[in-house]
Each structure stands twice: as C-alpha cells, then as structure tokens.
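A.B. asks: Next up is a structure, given as structure tokens.
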Amino acid sequence: MMHSSKKTRRSGGYTLIEVLVGIVIFAIGMMALAQLQGNLAKSSGDANARTVAANVAEEAIESIRRFGQITSDGANHAYNDIVDGSDTVTRAGYTYTVT
C-alpha cells in the first residue's frame, strides 16, 4: 500500500477572493438601487407637476364655462366680445402659463 505524502486540504471557510467578489457584487447592486431610487423620485416629481397642470387647466375651463350668454347686435358676432389672453399661475412650486 502506498501512502501519499500530500495532506488533504479541508475547506472550512471563505477565501479572501470569494469575500471580495461578494462585496463587489453587493456594491454594484446597491449602486443600481440608488440609481433606481433617483429615477423614481424624478418620475414622482414629474407626475406631480402633470397633476397640478391638469388641475390648473380644469380650473381655466371651468372659469370659461361661467360666461353668460352674449347676444349679437346684428352688426357684430357674439364671439367678437371674447378676448384672447394668458394668465400665469403658481402652484406647488411650479409656474404655469394658461393661454
């Protein structure tokens, strides 16, 4: 019988390389998560601005609907009394121009 002089190696833990690879993978995941969080915050702000803009538009439409009936005198059309214009509204830190 021949005995080998080589000792068998027991793996009882992690090597330094395995730990470093794990840390790198974890760091990449955390950076991706941080980027996702930034994108979500930006998208949330954009959605909020759109919601406020829709509310400002609804208010403008409702104010136009409050006009009474305009009668024509025969020489001028009734819509000649309607004036074009624009208005600036500031809401939730944003400035909107309604035309």
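The values are calculated or read from the model by the stated rules, or taken from the named source; none is laboratory data. It should be emphasised that the depicted structure is a prediction, and the values quoted were computed from it without experimental measurement. Using ideal geometry, Cβ is built from the backbone for each residue, glycine included, and neighbour counts are taken over all protein chains shown. Heads up: the accessible areas ignore ligands, DNA and RNA and are worked out on the full protein's heavy atoms, side chains in. Shrake-Rupley method; radii C 1.70, N 1.55, O 1.52, S 1.80 Å.
A.B. asks: Which of the following residues is of a type outside the set (Lys, Arg), out of contact with any helix residue (DSSP H, G or I) (no Cβ under 6 Å at 6 or more places or on another chain) and at pLDDT 85 or above: Gly68, Gly45, Gly12?
C.D. replies: Being of a type outside the set (Lys, Arg), out of contact with any helix residue (DSSP H, G or I) (no Cβ under 6 Å at 6 or more places or on another chain) and at pLDDT 85 or above holds for just one of Gly68, Gly45, Gly12, which is Gly45.
A.B. asks: As an exercise: evaluate Ala32 against (1) open to solvent by less than 100 Å² (accessible area, probe 1.4 Å); (2) small (Gly, Ala, Ser); (3) at pLDDT below 85 and give the number of the one condition it does not meet.
C.D. replies: So Ala32 meets the others, but not (3).
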